[in-house]
Amino acid sequence: MQPETESVVAGLYGAVVITTDEWGIPHIVADSARDAFFGQGYAQARMRLFQMDLWRRRGLGLLADVLGGEYVELDVAARTFLSRHPLEEEYAAYPSRDRERIESFVAGINAWVGETLAHPESLPPEFAVVGYPPSMWSASDLLRIRIHGLSSNAEEEVARARTLARFGPGIERLRRPLDPEQEFGDAAVDASLLDDGTLDLYRAAHEGISFGDGSRRAPTPDGSNNWAIAGSRTRSGRPIVASDPHRIMTFPSLRVLVHVTCPEFDVIGMQEPYMPGVVAGHNGRVAFGITIAPADLEDVYVYDLHPTDDSLYRYADEWMPIRTLVEQIPVAGSAPVTRELRFTRHGPVLKIDAERRVVIALRAAWLEPGMTPYLASLDMADAIDVDEYLERLDGWGNPVLNHVVADSDGRIAWQVAGRVPVRPNWNGLLPVSGDGSHEWAGWRTAPELPRLTDPPHGWVRSANHNNLAEDPGWDAPPTSYEWYAGYRARRLATMLSSRDDWTVEASAALQNDYLVEPAAQLMGYFDEPFVDPDAEFARTQIRAWDQRMTTDSAAAAIFDKWLYTELPRAIRREAARRLAATGEADAAADVLLDVALLTLGDARTDIGLLADSGGWEPLVASTLASAVAALREELGPETEEWSWGAVHVARLAHPLHGLGALDAHLTDTGAHPKAGSSDTLGVSFGADGVQTLGAATRVVIDVGDWDASVWINSPGQDGALDSPHARDLFDVWLADDYLPLLYSPDRIKQHAESRTRLLPAPKNHPESATAGNGTPLERTNP
């Protein structure tokens, strides 16, 4: 082990010891929860300072301050979607103990920032490249930043309204399947008032940041798998919990593994780098995992603008003033830019159309007090059993999640938790009038959402599918009508029911299962030979295939190109023509290609069309042939050299990749063949042949034999490019391997790589510990 280092920091009651193991997990030990969270902030900042600083600047709208005028519009968007509630209202939405924990976490971040500013040689090299230092934080930063909590409901509402107006309901059902199917009813607003620019501000808030190649990428929607297996189905007789959140693939990853120990709790697992607590892991008594539970948290409101006064909008029978905030946006190298942010009673104004005299605004649940994403995980750390964990979910706000949980007494459960708005007189599928006729009527929280405890079949699971009815006692309007396809969920149910000897190793293998569930539904279309030689080649390859998206499989490449590209392009166009022929759609519905391909990766629509209508055999043959032709163009004529790994790769590039000041090998993992697809449990969703969504971070937990638990986090735990833990785990992850999730002191000691001791500064020490913006942390009796 490296020599132990010491740092004197103000703001601590007692010493904090941070032991980093050989794979990069910091194990933090303190004598109080307050000091433990200080240590967590310090440790996570030490690992991910550039990433955290960039997140803070992006969220507060402070990019232009250091990067220049081209980032002003992103700053305007971020500031528009900050929480504008008083800080006391935000704190009041959480348990009273959380305020001290949040402020201590931020003080720990600031302690490390202070060290780097005093000793610039300890700064990650990224800061030298971008030319600015890290900033101090405030606890209000964590509570106010919300753009990482945006959902996509507003985008769908506007797209749905415009599609219905142009083409009718038949075409809209081709564009976006609903579950359960719904009648759209009469539009509450004139869709002609919605145009391509309606959501420009909203989309700008979604944009990612990239310095090196000048491109920006909007985050891919999150998915995930999780499950809990009862001891009746495991070899050991103890429960197993598995969690593998699917996030945009980034370098560094969007989560860290951390272990925080104090007299109040002893919790280990994954968390957002800029948040305290643990969102998926265990505390030595309870293990827990998460997936996104789709929920409609946004509504687009359209108001009349006053005929002559652009500062007034109609609500009920009154003209209400548009609230305006004037923001000075600092810009590096030039004068600040002044912008006005506008708000209605429902939320941020997206657009004012003075010509058509309308105002368009967004109401979002995630802008309410207590809706900072994942911050409620603070209160899971010391839950002692399943019942207490579920009880604490009553206060969970955002995002809406499927929680699976198991305890050392052998109990398991699944619970949907979050704050979901109640719409008493509409279903949320379309934009509505802001005149007061469509108002939320409170919230549904965990006690009113689906739950399942200790089911007789011995497992619970979720995979972003419509699982509401899996609680037999739940009967209420759906939380959403827009769900992920149920293929991963069906595969999980089949596999979890298939054996009674589950182990941690078997669960880890299941997280990397590459069988593509839709293939089994489609095999009947490949029974008879095709005349076309390319179609027949594709058919014979697929018929002989094991239906797994492995890197060496030519059939996997053919099937994916057919099901997710060639088939939908052809079958949706033909379905649109059939609707037009019957008068159910505009005759110009061929331009469906401009609309329906927004959800090209969702095979439910195309498989449903094949099943529901006859006469598709020629289209199956022609699209198989076009898939082969496309692959021939991409991979060459030698079909024996074709493989899924040749057209689908994993490649992680740091946001600074491409800048000459950094060696390329530090900022790019290179391209490597990657197994999996959008509908396999081992998810690997791609764009342009490169994986963009997947499970960079996974845990599998042995409930009771805690040291037998495993984890992985790609490309590594650290974000600093000069750290040995920045990309040391990429090859381990690529091989579907795992590492031991060390928990007991003896095991941690055996694998310790370094140790840092944080010592409290004397009262009159010149250093000052702050919760941010210069506010001192008060020293009170513990």
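The values are calculated or read from the model by the stated rules, or taken from the named source; none is laboratory data. None of the values given here were measured: they were computed from a predicted structure. Because the Cβ atoms are built from the backbone with ideal geometry, glycine has one as well, and the counts that use them run over all protein chains shown. SASA here: full protein model, heavy atoms, side chains in, ligands and nucleic acids out. Shrake-Rupley method; radii C 1.70, N 1.55, O 1.52, S 1.80 Å.
Brief remarks on what is shown
- In the stretch 68-83, residue farthest from A332 (Cα to Cα) [restricted to those that are among the charged types (D, E, K, R) and surrounded by fewer than 23 Cβ atoms within 10 Å (Cβ to Cβ)]: R79
- Selection within the stretch 653-694 - out of contact with any His (no Cβ under 9 Å at 6 or more places or on another chain), closer than 26 Å to D718 by Cβ and at pLDDT 95 or above: A671, H672, G682
- Looking across the stretch 171-188, the residues that are of a type outside the set (D, E, K, R), over 20 Å from G223 (Cα atoms) and open to solvent by 20 Å² or more (accessible area, probe 1.4 Å) come down to Q182, F184, G185, A187, A188.
- Residue match in the stretch 478-488 (condition: open to solvent by less than 60 Å² (accessible area, probe 1.4 Å) and not in a loop (DSSP other than H, G, I, E, B)): yes
- Residue check, E566 open to solvent by 60 Å² or more (accessible area, probe 1.4 Å), at pLDDT 85 or above and among the acidic types (D, E): no
- Just so you know, in the stretch 459-472 the residues that are in a loop (DSSP other than H, G, I, E, B) and open to solvent by 40 Å² or more (accessible area, probe 1.4 Å) include one that is modelled with the highest pLDDT, and it is N466.
- Unmet criterion (only one of (1) open to solvent by 20 Å² or more (accessible area, probe 1.4 Å); (2) touching a Phe, Trp or Tyr at 6+ places or on another chain (Cβ under 6 Å); (3) over 21 Å from V241 (Cα atoms)) for P518: (1)
- Qualifying residue in the stretch 371-392 (condition: crowded, with 19+ Cβ neighbours inside 10 Å, small (G, A, S) and more than 24 Å from R34 (Cβ to Cβ)): no
- Test: D746 is of a type in the set (D, E, K, R), part of a loop (DSSP other than H, G, I, E, B), open to solvent by 30 Å² or more (accessible area, probe 1.4 Å) and farther than 18 Å from N512 by Cβ: no
- Meets criteria (open to solvent by 20 Å² or more (accessible area, probe 1.4 Å) and of a type outside the set (A, V, I, L, M, F, W, C)) for E115: yes
- In the set W562, W545, only one residue is part of a loop (DSSP other than H, G, I, E, B) and hydrophobic (A, V, I, L, M, F, W, C); that residue is W545.
- Residues satisfying the stated conditions in the stretch 267-305, i.e. more than 18 Å from V404 (Cα to Cα) and either free of Cβ contacts under 8 Å to residues at least 24 places away in the same chain or of a type in the set (F, W, Y) (or both): Y274, Y301, Y303
- For the stretch 319-338, the set of residues classified as within 23 Å of R357 (Cβ to Cβ) and exposed (fewer than 10 other Cβ atoms within 10 Å of the Cβ) is empty.
- Here L656, L662, L693 are screened, and the one residue that is more than 23 Å from the chain's Cα centre (by Cα) and under 28 Å from F50 (Cβ atoms) is L662.
- Subset tally (residues that are in contact with a helix residue (DSSP H, G or I) (Cβ under 7 Å, 6 or more places away or on another chain) and of a type in the set (V, I, T)) for the stretch 353-395: 2
This table checks each residue for (1) open to solvent by less than 10 Å² (accessible area, probe 1.4 Å); (2) touching a His at 6+ places or on another chain (Cβ under 9 Å); (3) more than 30 Å from S744 (Cβ to Cβ).
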| residue | (1), (2), (3) |
| --- | --- |
| E272 | yes, yes, no |
| F288 | yes, yes, no |
| T291 | yes, yes, no |
| E298 | yes, no, yes |
| L305 | yes, no, yes |
| Y313 | yes, yes, yes |
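- Out of V359, V405, sole residue that is β-branched (V, I, T), farther than 27 Å from Y301 by Cβ, surrounded by 24 or more Cβ atoms within 10 Å (Cβ to Cβ) and modelled with pLDDT of 95 or more: V405
- Matching entry among E22, E4 (being at pLDDT 95 or above and open to solvent by 20 Å² or more (accessible area, probe 1.4 Å)): E22
- Checked against (1) among the hydroxyl-bearing types (S, T, Y); (2) surrounded by fewer than 21 Cβ atoms within 10 Å (Cβ to Cβ); (3) in a helix (DSSP H, G or I), Y13 passes all but condition (3).
- Count of the stretch 142-166 residues which are of a type in the set (G, A, S), crowded, with 22+ Cβ neighbours inside 10 Å and within 16 Å of P399 (Cβ to Cβ): 2
- The stretch 529-542, subset touching a residue at least 24 places away in the same chain (Cβ under 8 Å) and outside any helix (DSSP H, G or I), residue most open to solvent (accessible area, probe 1.4 Å): V531
- Taking the stretch 31-67 as the range and being open to solvent by 10 Å² or more (accessible area, probe 1.4 Å) and not in a helix (DSSP H, G or I) as the test, the residues that pass are D31, S32, L62.
- Figure legend. Inter-residue proximity from the stretch 142-156: first residues over 13 Å from V400 (Cβ atoms), second residues among the small types (G, A, S) and in a loop (DSSP other than H, G, I, E, B), beta-carbon distance below 6 Å, spacing 6+ or different chains. Indicated pairs: R144/S83; R146/S83.
- Unmet requirement for Q521, which otherwise passes all of (1) among the polar types (S, T, N, Q); (2) at pLDDT below 95; (3) part of a loop (DSSP other than H, G, I, E, B): (3)
- Qualifying positions in the stretch 459-483 - in contact (Cβ under 8 Å) with a residue 60 or more places away in the chain, out of contact with any strand residue (DSSP E or B) (no Cβ under 9 Å at 6 or more places or on another chain) and closer than 25 Å to R499 by Cα: N466
- Any hit, the stretch 196-219, residues being acidic (D, E), closer than 30 Å to L67 by Cα and at pLDDT below 85: yes
- Leading residue by the ranking (farthest from D190 (Cα to Cα)) among those in the stretch 146-162 that are outside any helix (DSSP H, G or I) and out of contact with any Leu (no Cβ under 7 Å at 6 or more places or on another chain): L150
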